[in-house]
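Participant: Would you mind keeping the following structure in view while I ask a few things?
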Amino acid sequence: MLLRACLVLLLFLSAAAAVPDPQQILRKDFSSWTLSEATRILNRSPWARKQTYTRVLGGVGSGIHGEKEIFNTFFVRLLSAPPIRRAYARIQQIQNGYDEMTPVAKSRLDAGIAPGLNMDVSRWIVVTISFRSNNPNMELSVKRFFDSQTLETMRDRAYLATEGFPRIELAAYFPPREEAVGAKFVFPRRIDGAAVVSPDQKEVNFEVNIPSVYRRLRVNFPVSDMLVEGALVL
Amino acid sequence: MSRVLNSLLVFGLVIGIWDQGSAKAKAKPKQGEAASQESGAGSGKSPLDQIRDYQIRLVRETAVSTSRPSLAEMVNPFPAKQSGRLNGSVYWFHRNDNLDARNFFDPGGQPLPEYKRNEFGASLGVRVRDKINLFGSLRSLRIIKGSTLLSHVPEPEMKRGDFSSLGAPIVDPVTGEPFPGNQIPQSRLHPVAENLFRVIPDPNSPDPDRNFVNNQPRVTNRDTYLFRFDYTGDDDARSFLQYSLTDGDGKLVHPLPSFGWNRTLRSQSLSLSHNRTLGTRWVTEGSIGYNRYLSLSVSPNSGQVGLVDSVGISGLAAPDALTEGYPDFEVTGYASFGDSSSPYKWLSNRYSASFSTTTALGDHTLTLGTSLTKRQVNDTHIEGRGRGEFEFSGFYTGDGFADFVLGLPSVASRTVGSDRTDLRRNQWQAYIRDRWRLSPILALTGGVAYHYASPYRSASDTISGFFPLLFEPPPTGRIIVADSFEARALGLERAGRGGLVFPDRNDWAPRIGLSYKPFRTNRLVLRASYSLYYSVVGSSSFSRYLGKNFPFYYTERAQSPVDSPDLDLANPFENVAPPELVVRGIETGLRTPYVQAWTLILENDFQEVWHLRASYYGNKRTGWSRVLPGNVPLPASGPIQSRRPNPAFGQFRILTGASSGSSHRMNLSAERRLSDGMSLRSAFTLLRSLDDRYRSEPSNPRNLKAERAPSRGVPIRQFSLNYIIDLLPGRERTLGAEGRNPLLQLVDGWRLSGITRIQDGTPFSVFVPGDGNNDGLGGDRADRISMTPSDRFESSVDMWFPVDDFAEPAPYSFGNSGRNILRRPGFHAWDISLIKQTRLVNGDLVELRVELFNAFNQVNFRQPNAVVGTSLFGKIFGAHRSREIEVALKYSF
């Protein structure tokens, strides 16, 4: 019985380990990524963070619409980093059956996704936030918050920080247009001619205060993890 | 075929992207300032426009197999729920007595009390064209719960006058000598008592102290409906409408089976909110709301016309069928009985409107807002004491039930008139708040609010109060009816029409706070704040202290001296002439109670997922209401009324704002956000709270400083832990395909969650039975005559504290023990849930859960009996729930 349990556990762990490391994934052309590899880049990579705040509802009864463990999850991604946009592009390819397409159809699809893939972010660092919750009230409340903000009102709530720049001001804010990408926070790459992030720095912090969930969302992106073949990919 | 489909999809995608681009080109650029700096890019779109327009939505997404999650779900995989265009769930939570452990006090060898709890519901949500969200839900609750209510009832032979089993002599109050053989002669049994023996059951349990167990089921039926509509317009406006309705009924159980309460509840709520972004700097929100609440509770004896007359006590009446029932009888040492608190009716309406706007001005974020609330309390009855209340303290025979058998109450009271009140209040507030970012590491917040809450006024001109409020010496005054000539002559017109309490227009509430990052890192943050806020006196206080006075409604109270009975149960209100008139009132200059609160918080994040927090919360409460009894005689023998400072009145019960208190709370908490399938949060808190807010009456009204003591309900230490653990973490469960493997389906998706709570006991006081010092007030505390060291005493269910440390005070004196000097047993429980989630091939989720409340079956005793001088003193008669198990099934789609 114990042996069987160990075998099951081993099988499970091996299944979990089957998705390769993000750096390995990046060595391949993104058009050959699997769905798991693309979602790995979007959720567990140096350019993506997932923060889940939980709440256990005590007592007898059905909680909130049958949910007794509340999960409030923020998906924070560096959209300006090419791996994130490639992962989005690859998911679009997979969704449309790209791998079985004719070359002509492929080129049409490539043309469709190219603007997003080759977006000009030479001057900007773009952070995106999506939110999901199993509490419908919370999900709508956070959606309403992101929808109703402007650059000016968000400027005091969200900022980027690095070792040399304790508070990098928001340059633009775009409310969410779709759930998959979420709200976009745009920060300058250079301030007074100096790069806000350099390969020798330790980390990039992103912080935003979200009153709907009474939370200060703080995310760290370690710089060393974002180096690909010695170059900072951000 | 697939190639054709693919070509169509690609065509659709390209058209969709072109279409979206066109639409956006027409849309007003939201970030005009920044975007204008980014013109001239080669594609025709500036880089910021490209960022703004970036999206990956597929126009033909619905053509893709529905067995796959949507694109948004694939990129934002979520652990517990999958939503699509149409999503929802159905669920069922079930518990019954077959799954529960035996309560410590449940009689052995017998089935557990009946318990069936079914809660079921459904929810459905749909998003229409990304603009409209519709959501509706239904939740139904059905409970049948047989509780274990323990009480002490007289032996059957006592109803025949035979008290030989009592073990203590019964004194004949006529002769002052014990009854021969402890037997009250048949001829001396009071006819009213004989009438009432039918509602006093015989013992059904061998326990001599807890000799009656009532397992009658408590019933609850409740249905809640919710509908919500969200709309997001093209013009940066969002609207929100919600309506909810709760409908329910039920039955509450009395310790004796002849009594109880049938309850009806109906609550409705409607709210509409509109939110709009104006330009780049202003976010505004306005909302209106309406709530209606009805609660009605009546005895099962209600409606039996003539019942109160059949008891045989003259001077009692039930004005209508709804208020029919038995009088209340409180017999020291035995179970109380009667149809207390029937009927209880509470009907309230609340109308509200609010508006707020937030703007950013440089380093300042400014918020201004205002709100208006109108409250109505209609057709309210909250006492139902017209049928009379009678206390039998055992003063005359040495046993409470023997006093009852002889028909010798120590106190008799009744209410006369209607206790209906129709109250109105308007509340208004305006506020301004600013957050000022002084530097990257320092931010200040500040603001001020102005509150105005009018005192409740009567819409039916049926309130009155005692005025002026002079207590000593000699207390005097008059009962003044609102809006009467007398009220105007005394200057009470300042209270407004229908009112007797002056408005308090001085409620300014400042707040200030700072946030500081001392090491220029975002991980460590220091926060400090000071705020002042108000807590208005509620409608029930106004209803009770102004809505229940002469001439509309009043209490007549007759009290017999402790040494000579002069009340007869058959005619209790005629032996004392005139009947004692208890008057109530509210201090006319009652200020709005306020709290000053200050906090100091140090929080630190480390290792990405951990959050540590050390905090101190302090507050000082000022002007909180409490009832001050007046016209109270000094303790002495003999009739009370003639000894009162003003014998023309009975006791004054005046609500004042004289209470104060303070609290200090130190808290250490650690939180691990969900990572690798595990999250937890634990907190340890040290508390200290003092106040002088006694429950209903002070022990000595001339020494209110002696009432300052640890606050009721506040423990010294608290620990809590809650956690969620995925038993086999590391897999993203929303990707579908690999979830089809039956073996993985079996081992995957197991989760453990739980809450643990451990806390010290909360304080309580030790009292003497009845009015031991004969000053007309209850709440007399016992003498503490010794203090047994805790290491020389072992608590047990039959003696939780050293009962010999306490004694009844000398006759006609105050006890020396303080308020809240003992602590009840602590509380310790582990609630654990085991959950199995299974993802179906089409992406729907099935969840099965088993929840164990008090999983390790820890016995958590309730407060011991705290009335000195009875055989029950120091004994415990109840325990919180034993281990209970709930099973649940949920299907989400």
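Participant: List the equivalent ellipsoid semi-axes of region B:748-860 in whole Å, largest first, each obtained as the square root of 5λ for an eigenvalue λ of the Cα gyration tensor.
Facilitator: That gives 51, 16, 9 Å for the three semi-axes.
Participant: Taking region A:94-203, which trypsin sites (Lys or Arg not before Pro) meet the DSSP loop condition and have no more than 11 other C-beta atoms within 10 Å? Show your work: numbers first, answer last.
Facilitator: Values: sites: A:LYS106, A:ARG108, A:ARG123, A:ARG132, A:LYS143, A:ARG144, A:ARG155, A:ARG157, A:ARG167, A:ARG177, A:LYS184, A:ARG189, A:ARG190, A:LYS202; in loops: A:ARG123, A:ARG157, A:ARG167, A:ARG177, A:ARG189, A:LYS202.
Those that pass, being in a loop and sparsely packed, are A:LYS202.
Participant: Something else: Pairs A:LYS184/B:LYS45; B:LYS116/B:LYS890; A:LYS68/A:LYS143; B:LYS116/B:LYS548: which exceed 29 Å Cα-Cα?
Facilitator: Going by Cα-Cα distance, B:LYS116/B:LYS548 fall outside the 29 Å limit.
Participant: How large is ³J(HN,Hα), in whole Hz, for each residue of region B:864-880 in order, when computed from phi with the Karplus curve 6.51 cos²θ - 1.76 cosθ + 1.60 and θ = phi - 60°, using x for Gly and Pro?
Facilitator: Values per residue, Gly and Pro as x: x, 4, 10, 10, 5, x, 10, 5, 8, 4, x, 8, 9, 10, x, 9, 5 Hz.
Participant: Which percent of Cα pairs goes in each bin when the distances of chain A are cut into 10 angstrom slices starting at zero?
Facilitator: 7, 27, 31, 24, 10, 2, 0
Participant: Next question, about the same structure. In bins 10 Å wide, starting from 0, what share of all Cα pairs of region B:153-285 does each bin hold, as a percent?
Facilitator: Binned Cα distances yield the sequence 9, 20, 17, 12, 10, 9, 9, 8, 5, 0.
Participant: Same structure again: Taking each residue of A:90-101 in turn, how many C-beta atoms of other protein chains fall within 10 Å of its C-beta, and what is the average?
Facilitator: Going residue by residue through A:90-101 and averaging, the value is 5.
Participant: Could you pull the Rg and Dmax for region B:346-496, using just the Cα atoms, both in Å?
Facilitator: Spelled out, the Cα radius of gyration and Dmax of region B:346-496 are 26.2, 83 Å.
Participant: Regarding region B:266-359, what is the average projected area of its C-alpha convex hull, in nm²?
Facilitator: 10.6
Participant: If you average 1/r over all unlike Cα pairs in region B:272-422 and invert the result, what Kirkwood radius do you get in angstrom?
Facilitator: Final number for the Kirkwood radius of region B:272-422 is 19.7 Å.
Participant: Please work out the ratio of the alpha-carbon Rg of region B:416-515 to 2.2 N^0.38 Å and round it to two decimals.
Facilitator: For region B:416-515, the normalised Cα radius of gyration is 1.67.
Participant: Straight distance only, please: which aspartates and glutamates reach the Cα of B:LYS345 with their own Cα at less than 18 Å, same-chain residues fewer than 8 apart left out?
Facilitator: Answer for B:LYS345, where 18 Å is the Cα cut-off: B:ASP247, B:ASP249, B:ASP320, B:GLU324, B:ASP379, B:GLU383, B:ASP419, B:ASP422, listed by chain and number.
Participant: Now for a separate question. In units of 2.2 N^0.38 Å, what is the alpha-carbon radius of gyration of region B:150-211?
Facilitator: This ratio for region B:150-211 stands at 1.19.
Participant: On average, how many beta carbons from a partner chain sit within 10 Å of the beta carbon of a residue in A:117-129?
Facilitator: If you average over the peptide's residues, the count of other-chain Cβ atoms is 3.
Participant: Where the Cα atoms of region B:89-192 are projected onto their three principal axes, how long is each span, largest first, in whole Å?
Facilitator: So the extents along the principal axes, rounded to whole Å, are 91, 33, 18.
Participant: Percentage of Cα-Cα pair distances in region B:636-737 greater than 18 Å, rounded to whole percent?
Facilitator: 71
Participant: Please express the Cα-Cα pair-distance distribution P(r) of chain B as a list of whole percents, one per 10 Å bin, running from 0 to the bin with the greatest distance.
Facilitator: 2, 9, 15, 21, 21, 14, 9, 5, 3, 1, 0, 0
Participant: Relative contact order of chain B: what whole-number percent is it, with Cα pairs under 8 angstrom and at least 6 residues apart?
Facilitator: Working: 2286 pairs, mean separation 82.2, N = 893.
Relative contact order of chain B: 9 percent.
Participant: Please give the helix B:2-26 orientation as an angle from the longest Cα principal axis of chain B, in degrees from 0 to 90, rounded to the nearest 10.
Facilitator: Long axis of B:2-26 versus the principal axis of chain B: about 80 degrees.
Participant: Something else about it: Using Cα positions and a limit of under 16 Å, work out the aspartates and glutamates in reach of B:LYS251, with same-chain residues fewer than 8 apart set aside.
Facilitator: Candidates past the 8-residue exclusion: B:GLU114, B:ASP223, B:ASP339.
Participant: If you wrap a convex hull around the Cα atoms of region B:448-574, how much volume per residue is inside, in Å³? Numbers along the way, then the final one.
Facilitator: Working: hull volume 33.5 nm³, N = 127.
Output value, Cα hull per residue: 264 Å³.
Participant: Report ³J(HN,Hα) in whole Hz for each residue of region B:836-842, in order, from the Karplus equation J = 6.51 cos²θ - 1.76 cosθ + 1.60 where θ = phi - 60°; Gly and Pro get x.
Facilitator: 10, 10, 10, 8, 7, 4, 7
Participant: Suppose a student asked you for the relative contact order of region B:306-421, using Cα pairs under 8 Å spaced at least 6 residues apart; what percent would you report?
Facilitator: Computed value for region B:306-421: 27 percent relative contact order.
Participant: Using the 2.2 N^0.38 Å rule of thumb for compact globular proteins, work out how the protein assembly as shown stacks up: its C-alpha Rg over that value, please.
Facilitator: 1.11
Participant: Related question: For peptide A:150-160, how many partner chain Cβ atoms fall within 10 Å of a residue's Cβ, on average? Before the final figure, lay out each step's value.
Facilitator: Values: counts 12, 8, 13, 9, 3, 5, 10, 3, 0, 3, 0.
Per residue, the number of nearby Cβ atoms from other chains is 6 on average.
Participant: Right, here's the next one. How many percent of Cα pairs in region B:488-544 exceed 19 Å?
Facilitator: 61
Participant: In a Debye calculation with equal point scatterers on the alpha-carbon sites of region B:549-683 and no solvent, what is log10 I(q)/I(0) at q = 0.22 Å⁻¹?
Facilitator: Computed log10 I(q)/I(0) values: -1.21.
Quick note: the coordinates plus some simple rules give every number you see, no bench work behind them. As the structure is a prediction and not an experimental result, all values here were calculated from the model. So basically every Cβ, Gly included, is an ideal-geometry build from the backbone, and we count neighbours across all protein chains shown.
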